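Right, one structure below, let's go through it.
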Amino acid sequence: MPADRAGTPPSHDENRSEFADAVLAVDRRRTSELDRAFAAYYPELKKIAHARLRGSGLDRFMQTTALVHDSYLRLASGPGIAIGDRLQFFAYSSRVLRSIVVDLVREERALRRGGGADIVTLDTAAGEGLPALVDVETVNDALEDLAKLDPALARLVEMRFFGGMTEDEIAGALGVSVRTVSREWKKARALLLTLVGD
Amino acid sequence: MKLSRELWLQIEPLLGVALDMEAGARAAWLAGVEASHPDAAPVLRRMLETHQRAEQSRELETVPRLAPFPGWSSAHAAGAMIGPFELVRPLGHGGMGEVWLARQADGRVARDVALKLPAIHQHGEVWRERFRRERDILAKLEHPHIARLYDAGVTGAGQPWLAMEFVEGLSLSAQVASRPHSIAERLALFRQVLAAVAHAHRHLVVHRDLKPANILLDASGQVKLLDFGIARMVDEGADASGDLTRLGGRVMTLRYAAPEQVAAGTITTATDVYALGVILHELLTGLAPYRAVREGKPLTDVMLLQEEIAVPSTLAIPKPLARRISGDLDAILLKAMRRDPAARYASIEQLDDDILAHVQRRPVKARAGTWRYLAGRFAVRHKLPLATAVAVVVTLLAGLVMVERERRVAVAEKARAERHFASVRKLANTFILEVNAKIEKLPASLAAREMLISTSLEYLDALAREPGRDPALLLEIASAYRSIGNIQGDPRGANRGNLPAAAANFEKSANLLVELERLKPGDIATAREHWRTSYALAGAYYQVLDARWRAEFRRAIVLAERIAAAPGASVDDQSLALFTRGREAHTIAISTGRTAATQAVLAGAIELLERLRLQAPPEAAVHVRLASLYGNAGVGLAGPGDSPPRMPEAMAMFEKSVALAREVLAEAPGDAQRQGLMRLNVLVLARNLAARGDLERANGLMGESLALVEKSVARDPDDVTMAVHRLEILVGAADVANRLRDRARAMRLSREVLASAEKLPKETAPLRDVRIQVTEAKVILGYALVATAEAGANDRERRLAMLVEARSLFADVSRFLEDVRAEPSLGAVPEYKLREFAQARERLDKAFVRLAAR
């Protein structure tokens, strides 16, 4: 019977399109006031992200990270900004963080003489187990491919990996269930890592 | 690998199904898929394998972090000059930068120094200042076991340098490895290190980067500690520059880093205690406390945070050594390396006491909890009846432990607080000053700015509640309150139209500034800030009909005069007092009518400002103030007062105000304040032209400023000042249209005023300016309605409807006039406006009676 089951339309199709709609709604709002404001706010966001990025390492202040994060959230959920703009904000900051991370890696590589791919890697070890080394430029390139296949999934990776958002936060921001986000995340990760592999 | 979209669309639902099922069921299911979807199955299989692996390693789930990069090549060359030093040869390098042997060659002193060149570049006076301050603290650190910091600076190119005592010697670990040392010898060396660190801690300097490489032994066997406090100095620089080149440095020190330093970046004296524990561990056992290091693997922060440190004597070391270490030294090491900073030795002295106690065979405090141990020691030394001794000692120790715990917490808290304080404060100020200024010019940024500043202010406020009143911090907080006030209701800039809230924040700022003036009497920076706050508060009070505006103006004048009289006052400073006096006179004139005195003050201020204007260098602020005062003087001359209006003079003032405003606006077309000045001056000129019958020019000017304001309103709908400005211009344009007998346009424009006023935030409606505009619009609309009805182009029913509407508008105007009479605070509404309204009412009354009777 397995073949039959595979042949029937999956039961969560509706969730799936709901998720894609929610993610892509963010794109449709690109011309909103907030987006324009943040376009010019980019250099500042970049500074903040620098601090935050280092905060993910060892030797930075927890408190400053907390302040930055706080400000993000406060800005995003404040009464002055409409709900649509909050989606925009979250998505926007992860997009900004993505380009910052990639820029940083490129800058570092350009700085090092004879710079090669092995010089800067990203340590994404989250906990126990061996540190998985994923090259950030490779992820970035694969994300481009992923966006062509499935733009919603690419955006999800952006939010989770580059934006550092949790599944709960993403679900809240997009207005979909955590379960949906979790399922889509697994798909995105399997697809992305498969694209990264040769 | 590459994947086509068609194939992915096939795979996607299958992947969803597979992910939903138990991992064990997938193999059988995949076999089925191979039959039904031969193209998709292989890729799907790979994806599921990838999924399994990723579930284990949790790949992609954390924010990326840059790993260290290997390889090094010097950025400097021998013979190069850095500040007053000539580079001789490199001594070493690390993640933090390079160290060179260098010769001081400026003729003052001839000496060799170790010149540290951090791999950061930093420009900007703020950072240099901080660097200098830090240097001054460290240069005072004089101790036989601490390598002196002679001097530090930043080259013109932004390269920071630190000149330190050049110590020739071996590192502690190399020295110990070079020949056998007894435990007693090792402990004696280590106690020299402790003496140095304790000295620094007493001077509130934490090393932050203690490691064997930073501990040298010179030829005479004396310990010299390098790099005291340098990590902090460099950190601050790297932090301020947003420069990441130092990232490689952390792994080098991870081996000696304390868990809280790794997890949260918290640096306290307890951080140094931990590092010393690791160093002593290595010194005594020859092994690192972490398994990964012992096994030659890279140490990660995760391992550091999770590994339970083994009892040192249980490690793979020779039996006699293990016996020697077990007991006291085990306990001392473990206490120094406790994960919880508060559970470690509270101070370096206590660590040293315990080592000394061990050497002298007294009880070691690290083993305080084990009464059998204490009993044993006492029994050995005093031969007291055991039971008594144990009881006494346990009681004594319980009290001691309590006191110690409190002290320990206090010490740790202080250092931690200092760290938080500095970093939180810096970030909060960045938000308030830099980010706010950057986004200020953006459209629709008010809500974001208010959020930004109020969040930052919360943090600053929290800092201010900590003990010790730091004047610089108070000034920052006062300025932050004023910034919020400005956003909520700057009487002259973009704002959210909540003047009562703005006034409350200006008051908070003013209260802090009063306190600051007590702390630092005569400080000019405080006075400047206080003037800004006071001037803004006077304006806010005036708008919300609070009679305190007069007292606040007086205070602003006193402050401005103090600033102008201070030595070294700039042209800008000097213009401040004149301007404030002029503004006060103007505000009095428009609220209670012109007097000879108000006009004399304005004329005097203008004359002196004109003179200042001729002084080099020309100050834009002076021009802006002058343009503003010309307009104000004109309003006074044209308005009601204790003598008849002097229109020709007034018109000349208006023309000048517009010409000057055009000039300053041309210099900075994007400047919101100058745009506002321009709009206001044009509006006043146009209204007066209209009143004098030059309707054509008035109409042209009105059209110009209406177009300008519509554009600005569209840019930021939240900006209430702009919206109120628009109301004023619409009223002016409606007035001109009415005078041109274009009743349809007059009606359309005044209806627009009423509709727009409805849309303002509710806090805005009671504002003086808004109420006046609305009332004026009602007068114009009512007048236009009556005139249209009288013209008789419409049928009777239409005309009656117009009259009914005019009557209702008229009733509103009357009610406003009643309010003015009933509320003394509204008495400050200009007298001539009241008279205009009264006249309008009479005319409307007559017209109504006439038409109704027809």
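The values are calculated or read from the model by the stated rules, or taken from the named source; none is laboratory data. Predicted, not measured: the structure shown is a model, and the values here were computed from it. So basically every Cβ, Gly included, is an ideal-geometry build from the backbone, and we count neighbours across all protein chains shown.
Worth pointing out:
- Residue B:644 satisfies every condition listed in (1) within 27 Å of residue B:540 (Cα to Cα); (2) part of a loop (DSSP other than H, G, I, E, B); (3) of a type outside the set (S, T, N, Q) except (1).
- Some residue of the stretch A:112-131 being more than 7 Å from chain B (Cβ to nearest Cβ) and either at pLDDT 55 or above or assigned to a helix (DSSP H, G or I) (or both): no
- Per-region count, the stretch B:702-715, residues over 22 Å from residue B:774 (Cβ atoms) and surrounded by 22 or more Cβ atoms within 10 Å (Cβ to Cβ): 0
- Here is the figure for the stretch B:334-350: residues that are among the polar types (S, T, N, Q) and either part of a helix (DSSP H, G or I) or touching a strand residue (DSSP E or B) at 6+ places or on another chain (Cβ under 8 Å) (or both) total 1.
- Residue, surrounded by the fewest Cβ atoms within 10 Å (Cβ to Cβ), within the stretch B:38-60, restricted to residues that are at the interface with chain A (Cβ under 7 Å from one of its Cβ atoms), at pLDDT below 85 and more than 16 Å from residue A:137 (Cα to Cα): B:56
- Tabulated pairs, the stretch B:206-230, first within 20 Å of residue B:185 (Cβ to Cβ), second in a strand (DSSP E or B) and acidic (Asp, Glu), C-beta under 9 angstrom, 6+ apart or interchain: B:224/B:165
- Any hit, the stretch B:574-581, residues being in a helix (DSSP H, G or I), among the polar types (S, T, N, Q) and in contact with a Lys or Arg (Cβ under 7 Å, 6 or more places away or on another chain): yes
- Within the stretch B:288-309, the residues that satisfy the criterion of being assigned to a loop (DSSP other than H, G, I, E, B) and crowded, with 16+ Cβ neighbours inside 10 Å are B:288, B:289, B:290, B:299, B:300, B:309.
- Pairs with Cβ under 9 Å, 6+ apart, first in the stretch B:1-12 and within 7 Å of chain A (Cβ to nearest Cβ), second in a helix (DSSP H, G or I) and of a type in the set (Val, Ile, Thr): B:1/A:194; B:1/A:196; B:1/B:43; B:3/A:194; B:3/B:11; B:3/B:43; B:8/B:43
- Any hit, the stretch B:528-540, residues being without any contact (Cβ under 8 Å) to a residue 40 or more places away in the chain and more than 22 Å from residue B:477 (Cα to Cα): no
- Hits in the stretch A:158-198 (condition: of a type in the set (A, V, I, L, M), at the interface with chain B (Cβ under 7 Å from one of its Cβ atoms) and either in contact with a His (Cβ under 7 Å, 6 or more places away or on another chain) or surrounded by fewer than 24 Cβ atoms within 10 Å (Cβ to Cβ) (or both)): A:190, A:193, A:195
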